[in-house]
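Have a look at the structure below, then the notes.
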Amino acid sequence: MKLRVILGALLWTLLITVLHVSLNVGWGELVQKAKVAIGVERARLIVGFLPVT
Amino acid sequence: MTEHSEGGSLFQALKFGDWATVKEALIAKDIGAVFILAPMAMQLRADGVPIKVVYLGHRDGTAIVVGTDSSIRDFGDLRGKIVAIPSRYANQNLLMHRMMKEWNMPFDSIDLREVPPPEHPTALRSGSIDAYIVGEPFAAMAEVGGFGRVLYHTKDIWEDFISCVLVVRDDLIENERAIVQELVDGIAKSGKWLDEDLEHRMDAAEIAAVHYYQQPAELLKYVLSKPVDRVKYTNLAPLREDFDEIMNLAVEIGVLARPIAFEEYTDDSFVRPLDELDWDMDRLARDPGDGRGGRQ
């Protein structure tokens, strides 16, 4: 019984995490952040401008 | 792609052709930061777009330009004339109204027309407008082309004039502070470097002409040196008194729908004293392609 509760909680946590990444973060964004975090890629920021002062 | 950071982050400059597209890109999160018109930043925030002004792009750098042979000699002569402005959300629009108040002229005494900045010089040359007010290099373009003369530089009629401001999305301000700090520091250091030596300005004109503006380097050199305080790149912290004046004017002429508090659209926590910032020029990579000081 105890094992089933723990497994259920883990599955539920996993499901919520997957949904959160899918709906709120995006898998591409997550992979990008992970690459920056482990030093594979550098952080990047796109800065818009018009060619006028 | 431009690498401005000693911290190693990449800042990609993305050129836009008009303000409406800039606004859409910001809302769609296609860009994290953008140099945008000050009143437009306020209006976006008032509309609920989650952005904040964190720094200025520059001070001054705008002029009212009339035809070389025009009979217009002072602001009062603009009464009844057609004057192009970049956008109703531009601080240039507010400046025209500020000047009309100073000269005791009703707000409808000048026919202000929105014209995209790159079209201002050709509109003046063709005679479809009598004057224009715009940011550089489009003011200097008429001077260098020999068909326009500056009636007023903003430095002479609105001290420390603000045109473009740097806005950053709120989620980056909250969650990615390090990269925003790198960006602000980079702009501050670039400005300090530009304002400390005319030679630096000439070098910058060469690089910006090729990589960003797609304009002749001589035009940008003119902008950055005739006179040298035509546009300034220091004193770029967003200050309450400056923005309150802009906001109040914008509300008065109906550009802003409602008053908006300085704290609501500004975050000055990234501003650091200039004496704490300096470029280590030896660490900036040289561009082997043109042999100049470009960053790769």
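The values are calculated or read from the model by the stated rules, or taken from the named source; none is laboratory data. Quick caveat, the model's predicted, so the values are computed rather than measured. Neighbour counts are summed over all protein chains in view; Cβ atoms, including those assigned to glycine, are modelled from backbone coordinates with ideal geometry. Side chains are part of the model used for accessible areas, which takes the heavy atoms of the whole protein and leaves out ligands, DNA and RNA. Shrake-Rupley method; radii C 1.70, N 1.55, O 1.52, S 1.80 Å.
Quick rundown of the values:
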| quantity | calculated |
| --- | --- |
| Rule-of-thumb Rg ratio for the protein assembly as shown [Cα; 2.2 N^0.38 Å; N residues] | 1.12 |
| Residues of the stretch B:43-71 with amide N under 13 Å of a point placed 7 Å along Cα→Cβ from B:Glu245 | B:60 |
| Fraction of alpha-carbon pairs over 18 Å apart in the stretch B:33-144 - percent | 52 percent |
| 10 Å-binned pair-distance histogram of chain B (Cα, whole percent) | 6, 27, 35, 24, 7, 1 |
| Around B:Tyr132: net Lys/Arg minus Asp/Glu count, Cβ-Cβ under 10 Å | -1 |
| Efficiency of FRET between A:Leu7 and A:Gln32 - r from beta-carbon atoms, R0 45 angstrom, step 0.05 | 0.90 |
| Solvent accessible area, Å² - B:Arg113, 1.4 Å probe, full protein context | 110 Å² |
| Scattering curve values for chain A, log₁₀ I(q)/I(0), Debye with Cα scatterers, q = 0.25, 0.26 Å⁻¹ | -0.93, -0.95 |
| Gain on full stretching of the segment that runs from B:Ser225 to B:Ser128 - 0.36 nm per residue minus C-alpha separation | 32.0 nm |
| Crossing angle, helix A:2-20 versus chain A [Cα axis fit, 0-90 degrees, rounded to tens] | 20 degrees |
| Exceeding the 31 Å Cα-Cα cut-off - candidates B:Lys29/B:Lys226; B:Lys81/B:Lys226; B:Lys15/B:Lys81 | B:Lys29/B:Lys226; B:Lys15/B:Lys81 |
| Per residue accessible area in Å² of the protein assembly as shown, where ligands, DNA and RNA are left out and the probe is 1.4 Å | 48 Å² |
| Surrounding net charge for B:Glu114, when Lys and Arg each add one and Asp and Glu each subtract one, Cβ distance under 13 Å | -1 |
| FRET efficiency for A:His20 and B:Glu174, using Cβ-Cβ distance with R0 set to 30 Å, rounded to 0.05 | 0.95 |
| Neighbourhood net charge (13 Å Cβ-Cβ; Lys/Arg +1, Asp/Glu -1) for B:Phe161 | -3 |
| Helix-only [θ]222 nm of the protein assembly as shown, DSSP H runs n ≥ 4, -39500 (n - 2.57) each, per residue, nearest 500 | -12000 deg cm²/dmol |
